[in-house]
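**Q** The structure's right below; bear with me while I get my questions together.
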Amino acid sequence: MTAIPSSEARGARITAITSGKGGVGKTFVSANLAAALARQGQRVLVLDADLGLANLDVVLNLPPRVTLHDVLTGKRELRDAIVAGPGGISVLLAGSGMVEYSRLTTEVRDELVRVLAELRPMYDQVLLDTGAGISDVVLYTVSLADQVLVVVTPEPTALTDAYATIKVLATTQGRRAIRLVVNQAKRGEGRAVCQQLQQVIDRYVNPTLDGPVRLEFLGELPLDPAVRECVSRRTLLLEAQPGAPAATAMVDVATRVLR
Ligand SMILES: Nc1ncnc2c1ncn2[C@@H]1O[C@H](COP(=O)(O)OP(=O)(O)O)[C@@H](O)[C@H]1O
Ligand SMILES: [Mg+2]
């Protein structure tokens, strides 16, 4: 019997991109990692899963015409809501009105599961750009993913919040492998941040679990003025400034994601 490649056997790998603290770069990472993965031949969809504070549309300069909101409320078909974004990525925007999902009803939960099941056979990678923190909504959207990528910056507040997020994901979702991207890092700082977080987890979280949580360091992204420029111009960093330090670092992260 010939082995079926996993992407054909079970479809897309769903990755939740989340963080403890807000504003650390989840949306920046989601959009540009998606483009970097697409450049490596992957079929990629990025879904705005920050249901309360959706802003992927702003970053990608895509007007939210038909949105996830319309799909979840049964007004439109999923295929009508998927738009072609820059850099060869597909995008599913949340749309305003998602605010009312700040508490998720059972119907919306079931609908989200159905939407992801429908997306799986269509793509190789689905990235969920989630909200920050450990609210029920964020934890629920993260729970739908096969794997979690936590974005953190080296600031003490971001680190403390990342620790809290990782602890909750380990205890409530049984997550044991968590991927880490350190954003806005000085050269070499990312790995140190990852080691520091791992030490705290080893000391305070792992002894309470049946198996240890292991962080997988996916790389660091430098603080790069090109990022803010691109956000202001509503262009994708990987498209507008592919040679910028944060862009080349993102390509390295994408390579590790696929490894
Ligand atoms: N590596 C970076 N270098 C410079 N500025 C950055 C970087 N990453 C993020 N930013 C800035 O931080 C802002 C917030 O990022 P965003 O991705 O919206 O965060 P989140 O989605 O986590 O709330 C961006 O608009 C951008 O201006
Ligand atoms: Mg965001």
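Each reported figure results from applying straightforward, stated rules to the coordinates on display, with no laboratory input. If you're wondering where the values come from, they're calculated on a predicted model, not measured in any experiment. Reconstructed Cβ throughout: ideal geometry from the backbone, glycine too, with neighbour counts over all protein chains shown.
**Q** Could you grab me the full set of residues in region 10-51 that are charged (D, E, K, R) and either closer than 19 Å to L180 by Cβ or touching a Leu at 6+ places or on another chain (Cβ under 7 Å) (or both)?
**A** Answer for region 10-51, where residues must be charged (D, E, K, R) and either closer than 19 Å to L180 by Cβ or touching a Leu at 6+ places or on another chain (Cβ under 7 Å) (or both): R13, K21, K26, D48.
**Q** I've got another one for you. Could you check region 144-166 and list, in sequence order, the residues that are within 26 Å of P222 (Cα to Cα) and of a type in the set (D, E, K, R)?
**A** Across region 144-166, the qualifying residues are E155, D161.
**Q** Something else now. Given the criterion away from ligand 2 (no atom under 16 Å from the Cβ), within 22 Å of G41 (Cα to Cα) and basic (K, R), identify the matching residue among R79, R114, R65.
**A** One residue alone meets the criteria, R79.
**Q** Kindly check whether there is at least one residue in region 133-143 that is touching a residue at least 40 places away in the same chain (Cβ under 8 Å), more than 11 Å from the chain's Cα centre (by Cα), more than 14 Å from ligand 1 (Cβ to nearest atom) and over 20 Å from G52 (Cα atoms).
**A** no
**Q** From the list A162, A170, A177, A185, which one is in contact (Cβ under 8 Å) with a residue 24 or more places away in the chain and within 16 Å of ligand 2 (Cβ to nearest atom)?
**A** A162
**Q** Could you figure out which of (1) touching a residue at least 24 places away in the same chain (Cβ under 8 Å); (2) out of contact with any Gly (no Cβ under 9 Å at 6 or more places or on another chain); (3) of a type outside the set (G, A, S) isn't true of L236?
**A** For L236, the exception is condition (2).
**Q** Hey, another quick one. Restricting to helices (runs of 4 or more DSSP H) lying wholly in region 1-90: which have 1 or more residues that are away from ligand 1 (no atom under 16 Å from the Cβ), within 18 Å of the chain's Cα centre (by Cα) and surrounded by 16 or more Cβ atoms within 10 Å (Cβ to Cβ)?
**A** Where helices (runs of 4 or more DSSP H) fall fully within region 1-90 and carry at least 1 residues being away from ligand 1 (no atom under 16 Å from the Cβ), within 18 Å of the chain's Cα centre (by Cα) and surrounded by 16 or more Cβ atoms within 10 Å (Cβ to Cβ), they are 26-39, 68-72.
**Q** Determine whether region 95-102 contains at least one residue that is buried (at least 19 other Cβ atoms within 10 Å of the Cβ) and of a type outside the set (S, T, Y).
**A** Yes, some residue in region 95-102 is buried (at least 19 other Cβ atoms within 10 Å of the Cβ) and of a type outside the set (S, T, Y).
**Q** So S232 passes all but one of these: (1) surrounded by 14 or more Cβ atoms within 10 Å (Cβ to Cβ); (2) part of a helix (DSSP H, G or I). Which condition number does it fail?
**A** Every condition holds for S232 apart from (1).
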